[in-house]
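Novice: Please read through the structure below; I'll follow up with questions.
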Amino acid sequence: MTSIGIIGSQGRMGVALAAAISEAGQRSCGVDKGGDVARLVAAADVFVDFSSPGALEATLDACLAARKPIVIGTTGLEERHHYLIDDAAKDIAVLQTGNTSLGVTLLAHLVREAAARLDADWDIEVLEMHHRMKVDSPSGTALLLGQAAAEGRGISLDRCSERGRDGVTGARGHGKIGFASLRGGTIAGDHDVIFAGPEEMITLSHRAENRMIFARGAVRAALWLIHQPPGRYTMPQVLGL
Ligand SMILES: NC(=O)C1=CN([C@@H]2O[C@H](COP(=O)(O)OP(=O)(O)OC[C@H]3O[C@@H](n4cnc5c(N)ncnc54)[C@H](OP(=O)(O)O)[C@@H]3O)[C@@H](O)[C@H]2O)C=CC1
Ligand SMILES: O=C(O)C1=N[C@H](C(=O)O)C[C@H](O)C1
């Protein structure tokens with residue numbers, strides 16, 4: 001039996017993850033804000049982080065000291081967090097993703113394919129809606145889908161994204177990838193990638209009906225990651241997509 005340590009165990013995802021770990025016949029333990037992450041790391045075989053970007057540095061340090069692998073599902077990460085992850089991945093196995101579900105992993109593949117086939121006359125917009133308690137925007141998934149679209153087009157998302165339109169912003173930039181975020185209610189996570197072309201439109205969508213899809217995907221990733229050498233891994237590798 002594998003012991004999976006949960007960073008953010010009392011949160012919405014932490015609770016769903018504990019249920020998914022138990023469903024998979026594995027053992028869980030956890031830590032929350034103010035808790036002893038080094039103690040948790042000593043007690044488990046692999047870790048899943050669904051907490052807050054502020055927790056990441058200490059969590060990675062503890063995993064590095066113990067040479068143990070980690071799945072990072074927390075979103076709202078900044079560039080410096082990605083550098084920390086790249087550094088850690090030289091010594092331990094790390095998987096970071098904005099979405100651990102099978103459906104979104106496949107959707108990202110479809111978005112990359114569509115973007116590769118449609119020229120820049122097809123405007124790409126990523127629309128997401130989440131529950132009222134979500135603190136970061138755009139969602140990690142929206143950014144992941146935007147990245148897939150940019151890769152399909154062979155462009156850099158950093159240079160082509162259009163975010164936070166408000167007021168007289170001027171016409172939409174040609175070839176840009178736009179993002180829009182809605183917040184309300186208890187929605188677990190809805191994402192649409194819209195390809196708006198000349199006189200026709202394609203929408204690729206994913207609806208999360210509840211958090212167990214993320215939790216089950218995270219368990220699958222954690223159980224896969226313990227068998228991998230140091231490196232930075234992705235959900236398509238876990239799912240063989
Ligand atoms: N990759 C994916 O598939 C998914 C990612 N997420 C992401 O996971 C994260 C958590 O989401 P959610 O569960 O809804 O959020 P919650 O706010 O419900 O839970 C976060 C938990 O993390 C704890 N926490 C905060 N800071 C620390 C810290 N420094 N060390 C340890 N624990 C800490 C919180 O404790 P306290 O309340 O005391 O602050 C809380 O228990 C978000 O970034 C979200 O976007 C969510 C769903 C799927
Ligand atoms: O905060 C959430 O709830 C979710 N966060 C992730 C994200 O930012 O994309 C994944 C999922 O959409 C739910």
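Novice: Per residue Cα convex hull volume for the range 104-241, in cubic angstrom?
Specialist: 135
Novice: To the nearest 20 debye, what is the magnitude of the charge dipole of the range 134-241 about its Cα centre, counting +1 on the Cβ of each Lys and Arg and -1 on the Cβ of each Asp and Glu?
Specialist: Details: 13 positive and 10 negative charges, 69 e Å.
Using only the charged Cβ atoms, the result is roughly 340 debye.
Novice: OK, next. For the range 38-142, run through the trypsin sites (Lys or Arg not before Pro) and keep only the ones in DSSP coil with at most 11 other Cβ atoms within 10 Å of their Cβ.
Specialist: Within the range 38-142, the qualifying trypsin sites (Lys or Arg not before Pro) (loop, at most 11 other Cβ atoms within 10 Å) are R67, K90, R132.
Novice: Additional query: With 10 angstrom as the radius, rank Y83, Y233 by how many other C-beta atoms surround their C-beta, starting from the fewest.
Specialist: Result, fewest neighbours first: Y83, Y233.
Novice: Measuring from centroid to centroid over Cα atoms, what is the spacing of the range 197-239 and the range 2-66 in Å?
Specialist: Using only Cα atoms to place each centre, the spacing works out to 19 Å.
Novice: In addition: Please report, to two decimal places, log10 I(q)/I(0) for the range 61-176 at q = 0.11, 0.13, 0.16 Å⁻¹ as given by the Debye formula with identical point scatterers on the Cα atoms and no solvent.
Specialist: Per q value, in the given order, log10 I(q)/I(0) is -0.46, -0.63, -0.89.
Novice: Would you mind telling me the antiparallel percentage of the DSSP bridges in the range 88-190, rounded to 5? Show your work: numbers first, answer last.
Specialist: Working: 1 of 10 bridges.
Expressed as a percentage, antiparallel bridges in the range 88-190 total about 10.
Novice: Which of the GluC sites (Glu not before Pro) across the range 174-219 are loop residues per DSSP, with 14 or fewer other Cβ within 10 Å?
Specialist: Within the range 174-219, the qualifying GluC sites (Glu not before Pro) (loop, at most 14 other Cβ atoms within 10 Å) are E199, E209.
Novice: May I have the pair-distance distribution P(r) for the chain, computed from all Cα-Cα distances with 5 Å bins from 0 and rounded to whole percent?
Specialist: 1, 6, 14, 17, 19, 16, 12, 7, 5, 2, 1, 0
Novice: Additional query: Restricting to the chain, compute how many DSSP beta bridges are antiparallel as a %, nearest 5.
Specialist: In the chain, DSSP labels about 35 percent of beta bridges as antiparallel.
Novice: Looking at the range 119-241, what % of its DSSP beta bridges pair antiparallel, to the nearest 5?
Specialist: The antiparallel fraction comes to roughly 60 percent.
Novice: Rounded to the nearest 20 debye, what is the charge dipole size of the chain about its Cα centre when +1 sits on each Lys and Arg Cβ and -1 on each Asp and Glu Cβ?
Specialist: Dipole magnitude for the chain comes out near 580 debye.
Novice: Out of the range 1-90, which GluC sites (Glu not before Pro) are coil in DSSP terms and have no more than 11 other C-beta atoms within 10 Å? Walk me through the numbers before you get to the answer.
Specialist: On the way: sites: E23, E57, E78, E79; in loops: E78.
Qualifying residues, ordered by number: E78.
Novice: Considering the dipole of the range 102-207 built from charges on the beta carbon (Lys and Arg +1, Asp and Glu -1) around the Cα centre, which of G146, P198, L182 is farthest to its positive end?
Specialist: L182
Novice: Using label points projected 7 Å from each Cα along Cα→Cβ, tell me how many nm separate S52 and Q10, to one decimal.
Specialist: 1.2
Novice: With unit charges on the beta carbons (Lys and Arg positive, Asp and Glu negative) and the dipole taken about the Cα centre of the range 19-102, which residue among S51, I85, A38 sits farthest to the positive side?
Specialist: Highest projection toward the positive end goes to A38.
Every number here is computed from the coordinates shown, using simple stated rules; none is lab data. Treat the numbers as computed from the prediction; the structure is a model and nothing was measured. Cβ atoms come from the backbone with ideal geometry, glycine included; neighbour counts cover every protein chain shown.
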